[in-house]
Amino acid sequence: MLKRSIVLIGLTGSGKTTVGRRLSKHLNCAFVDTDEVVSASTGLSVREIFEQQGESAFRDHEIRAMEVIFADSTPRVIAAAAGVVLAERNRQIIRNSISFVVWLDAEPSNLLKRVSGGGHRPLLDGDALAALTAMNATRRDLYAKLADVRVDTKRRTVNGVVKSVLKLVAARGDS
């Protein structure tokens, strides 16, 4: 039984949603994806929000979603959208929760292969490698400061990453 939530953070394509879904199955707990909560509350996809309302409005929706998600202290696996760390309010929400924060880390060049063809990621339109590199430069320190642990996902299968996270959770006595 999971004792506290696991929050997965990291760049787009790092595996937060895929790893999170598998972790929740292994741990027999609920899975929450912040982008899905935003979409459910607005009735719009992430891309539609960006196109119709802009990134600033999306970030506002994201903060509200984080407040709703973390108002419930039920232990579960939470995949936090890549840009969640940009807002101080979101970082504060995560810090104030009793969660175990796992940073899924990989270099932008590795992430590029994972995100190619993903039309639902509006910030990667155009030169995706340049966008990922810029995001990495802006967010890397934020991920590092917020995370309890860092898991390198480079050249690792989803199952390998899941096993690593499960070992870390068990070592901390959270399952």
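The values are calculated or read from the model by the stated rules, or taken from the named source; none is laboratory data. The shown structure was predicted, so the numbers you read here are calculated from the model rather than taken from an experiment. Cβ placement follows ideal geometry from the backbone for every residue including glycine, while neighbour counts extend to all protein chains displayed. Heavy atoms of the whole protein, side chains included, go into the accessibility calculation; ligands, DNA and RNA do not. Shrake-Rupley method; radii C 1.70, N 1.55, O 1.52, S 1.80 Å.
Which residues in the range 137-174 place their backbone N less than 17 Å from a point set 7 Å from the Cα of residue 55 along the Cα-to-Cβ direction? 137-143, by backbone N distance to the label point. Placing 135, 1 in order of accessible area, with the largest value first and a 1.4 Å probe, yields 1, 135. Rolling a 1.4 Å probe over the protein heavy atoms gives the range 14-75 an accessible area of 52 Å² per residue. Extension gain for residue 154-residue 30 works out to 42.0 nm (0.36 nm per residue, less the C-alpha to C-alpha distance). For the chain, the spherically averaged projection of the C-alpha convex hull amounts to 9.1 nm². Fully extending the segment from residue 134 to residue 170 would add 9.5 nm, taking 0.36 nm per residue of separation and subtracting the current Cα-Cα distance.
Accessible surface of the chain, 1.4 Å probe: 50 percent of it comes from carbon and sulfur atoms.
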